[in-house]
Amino acid sequence: MLTRRQTLGAAALVAVPFVRHARAADVPRFALGVASGAPRPDGMVLWTRLTAPPGQDDLPEVVPVRWELARDEAFGQVVASGVEAAERTWAHSVHAEPAGLEPGRWYWYRFRALGQVSAIGRTRTAPAPDAPATLDFAIASCQRYEVNHYAAWRHLATDGLDLVLFLGDYLYEYGAQPTNVRQVGLGRIRTLDDYRARYALYRSDPALQAAHAACPWILVWDDHEVDNDYAGLQGQDLDPAFPARRADAYQAYWEHQPFPKAARPSREGMRIFDRYRWGRLATIHALDDRQYRDPQACPRPGRGGSNTLPRRDCPGMLDPARSLLGAAQEAWLAQGWDLERPWNLLAQQTLMSPLSWRDPAGPDGPMVWTDGWDGYPAARQRLLDTVRERRVPGVVVLGGDVHAHYVADVHANPDDPRSPVLASEFCGTSISSHGWPQTRLDGIRGFHPHLKFARSDRRGAVRFRLDDRRLQADLLAVDDPARPDSAVGPLRRFVVEADRPGPQPA
Ligand code: FE
Ligand code: CA
């Protein structure tokens with residue numbers, strides 16, 4: 001006769017395979033959602049990543065994943081399909097690249113693997129290069145997960161966008177703080193698996209998933225996808241192991257974003273800078289200001305990374321040999337300005353207009369932060385000189401990084417506010433990351449006549465509508481970033497006329 005204990009044991013033994021099997025079938029394999037990116041007139045990249053139960057990777061080494069792309073949401077007219085191998089080496093990510101599609105139209109896509117089907121994503125091709133076009137897009141940046149919720153994404157996901165330009169700080173490497181709005185156990189990121197887990201955490205957010213599924217994205221990274229304030233192969237703490245960590249971070253970045261297979265990184269780096277045409281309307285130049293930059297000038301003793309100091313105390317900052325984009329990318333940009341289309345959109349990381357913490361016209365000159373364009377004034381001037389000399393039309397600088405909405409005139413000589421206005425700048429506030437108290441910006445507005453707007457106390461994004469005559473920009477603000485269901489509304493509207501550089505209040 002079996003004891004009670006033996007009975008349970010035997011039952012458990014018999015039951016285990018069934019339980020395992022049942023659980024495996026129940027495990028959501030597409031828990032991170034779907035995404036698309038890099039839209040071209042004839043195709044785009046479709047992304048997903050297969051998931052396993054937490055702490056128990058039961059996925060085979062290689063999993064075939066079928067993808068389908070249709071002209072309709074019901075998948076009645078599938079126009080492209082294929083099978084991609086999701087490999088453990090690349091975190092079971094999928095980067096499918098349908099080709100030969102019609103320009104300027106919407107498509108729907110989904111994936112199937114291990115008996116499951118993913119959510120449906122919506123994506124589109126870019127208009128044909130010679131076709132008339134309009135563009136509804138948003139810029140977004142700096143979405144530190146644990147400090148706030150993503151109401152801004154929930155809003156943008158249903159805002160009729162053709163395109164999202166994500167301008168950096170997709171994730172943050174920091175550990176959790178007791179005061180965080182979202183209580184999650186996070187250590188500081190150290191390893192490839194740490195980076196992967198952080199992407200998986202961010203992508204578990206339903207609002208972020210909805211925004212990815214709503215339209216294609218073009219992404220660039222900033223520092224926090226790797227480590228705060230890094231420059232090229234130098235980390236801010238000068239750790240000799242930094243290049244290996246950067247390679248891990250770049251690998252995880254590719255694994256989790258809709259970049260093509262051709263962009264898959266080696267241990268040496270990953271090329272993300274690229275150029276996208278949007279019909280006859282615009283060229284988008286997506287820049288990388290991290291991977292190829294010279295180290296920040298005049299760091300604190302024994303450290304790398306940024307500093308804030310008087311420019312006159314740091315003559316090295318002015319060295320014309322220093323570059324933010326690196327020589328090759330600078331030349332690529334200088335040669336690639338679009339002189340035919342009315343708009344050149346610069347999708348890049350940070351504020352280009354000067355920002356000084358004391359009156360730059362005062363006896364001691366400007367006091368600047370060395371990590372942004374202010375720390376690389378000769379490189380900034382080279383870029384603007386090319387715009388002026390080649391009469392590049394419709395240059396709009398788009399940025400993030402500094403967790404504040406800035407709207408600015410970009411002058412031919414940034415140090416001289418009387419020099420002609422050459423371009424327009426919109427630097428979008430953070431999706432969720434904390435910003436400075438507004439009083440700090442209010443205190444410097446008086447000596448920044450080029451800044452038409454400056455708000456660091458609101459979270460959000462910028463929503464644009466572009467046609468061949470004008471750019472309309474709505475600065476969005478989240479009412480309560482600590483609430484996932486917060487209202488999101490327009491804070492201020494500006495326009496830029498195609499033949500007149502400089503944002504005007506609307
Ligand atoms: Fe940031
Ligand atoms: Ca940053």
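The values are calculated or read from the model by the stated rules, or taken from the named source; none is laboratory data. This structure is a prediction, so every number in the text was calculated from the model and none was measured. Glycine also receives a Cβ, built like all others from the backbone with ideal geometry; neighbour counts cover every protein chain displayed. Heads up: the accessible areas ignore ligands, DNA and RNA and are worked out on the full protein's heavy atoms, side chains in. Shrake-Rupley method; radii C 1.70, N 1.55, O 1.52, S 1.80 Å.
Can you compute the label reach from W332? Point 7 Å from Cα along the Cβ direction, backbone N cut-off under 18 Å, restricted to the stretch 340-366. 345-350, by backbone N distance to the label point. Full extension of the chain segment joining L339 with A131 gains 73.2 nm, where the gain is 0.36 nm per residue of separation less the Cα-Cα distance. Across the protein chains, with a 1.4 Å probe defining accessible surface, the residues L135, L491, L114 rank L114, L491, L135 from largest area downward. Annotation: per residue accessible area for the chain equals 40 Å², rounded to a whole number [probe 1.4 Å, protein chains only].
Assuming R0 = 30 Å, what is the FRET efficiency of D193 and I120, from their Cβ-Cβ distance, to the nearest 0.05?
On the way: r = 30 Å, r/R0 = 0.99.
According to the calculation, E is roughly 0.50.
Projecting each Cα onto the charge dipole of the chain (Lys/Arg +1, Asp/Glu -1 at the beta carbon, about the Cα centre), which of C215, V78, S432 comes out farthest on the positive side? Ranked along the dipole, the leading option is V78. Could you give the distance between the Cα centres of the stretch 44-80 and the stretch 251-281, to the whole Å? One Cα centre to the other: 20 Å. Electrostatic tally near A151: other residues with Cβ closer than 15 Å to its Cβ, Lys and Arg +1, Asp and Glu -1, net +2. Of all DSSP bridge pairs formed entirely within the stretch 135-505, close to 70 percent run antiparallel.
On a 0 to 90° scale, report how tilted helix 242-256 is relative to the longest principal axis of the chain, with both axes built from alpha carbons and the result rounded to the nearest 10. For 242-256 against the chain, the angle is about 70 degrees. For a paramagnetic label modelled on A378 (point 7 Å from Cα along Cα→Cβ), amide N atoms under 12 Å away belong, within the stretch 309-331, to 315-324.
Taking only DSSP H segments of four or more residues, each worth -39500 (n - 2.57), what value at 222 nm results for the chain once the sum is divided by all its residues, to the nearest 500 deg cm²/dmol?
Working: 8 runs with 93 residues, N = 506.
My calculation for the chain gives -5500 deg cm²/dmol from helical runs alone.
Here the calculated FRET efficiency for W357 and V78, from their Cβ-Cβ distance with R0 = 56 Å, stands at 0.45, rounded to the nearest 0.05.
Run the numbers on the stretch 135-505 and let me know its relative contact order in percent, using alpha-carbon pairs under 8 Å that are six or more apart.
Numbers: 907 pairs, mean separation 68.0, N = 371.
Value for the stretch 135-505: 18 percent.
With all protein chains present, how much of the accessible area of the stretch 162-289 (probe radius 1.4 Å) comes from carbon and sulfur, to the nearest whole percent? Mind showing how you got there, number by number?
Values: 2080 of 4020 Å².
Carbon and sulfur atoms account for 52 percent of the accessible area of the stretch 162-289.
Counting only heavy atoms of the protein chains and using a 1.4 Å probe, W47 has close to 0 Å² of accessible surface.
Need the full-extension length gain, R66 to A482, defined as separation in residues times 0.36 nm minus the C-alpha distance. One decimal, nm. The partial results should precede the final answer.
On the way: separation 416, 0.36 × 416 = 149.76 nm, distance 3.81 nm.
That pair, R66 and A482, stretches by 146.0 nm at full extension.
Considering only Cα atoms, the convex hull volume of the chain works out to 167 Å³ per residue. As an exercise, use a Förster radius of 30 Å and the Cβ-Cβ distance of R492 and V181 to find the FRET efficiency, rounded to the nearest 0.05. About 0.70, to the nearest 0.05.
One Cα centroid belongs to the stretch 460-506, the other to the stretch 148-214; the line between them spans 22 Å.
Going highest first, how would you order 280-290, 305-315 by mean Cβ packing within 10 Å?
280-290, 305-315
Determine the gain in length on full extension of the stretch D467-T158; use 0.36 nm per residue of separation and subtract their C-alpha separation, reporting nm with one decimal.
Numbers: separation 309, 0.36 × 309 = 111.24 nm, distance 2.07 nm.
Between D467 and T158, full extension yields 109.2 nm more.
In a reduced charge model with +1 at each Lys and Arg Cβ and -1 at each Asp and Glu Cβ, the chain shows a dipole moment near 840 debye about its Cα centre.
With the Cα gyration tensor of the stretch 186-253 in hand, convert its eigenvalues to equivalent ellipsoid semi-axes via √(5λ) and list them largest first in whole Å.
Values: eigenvalues 127, 37, 17 Å².
Working through the eigenvalues yields semi-axes of 25, 14, 9 Å.
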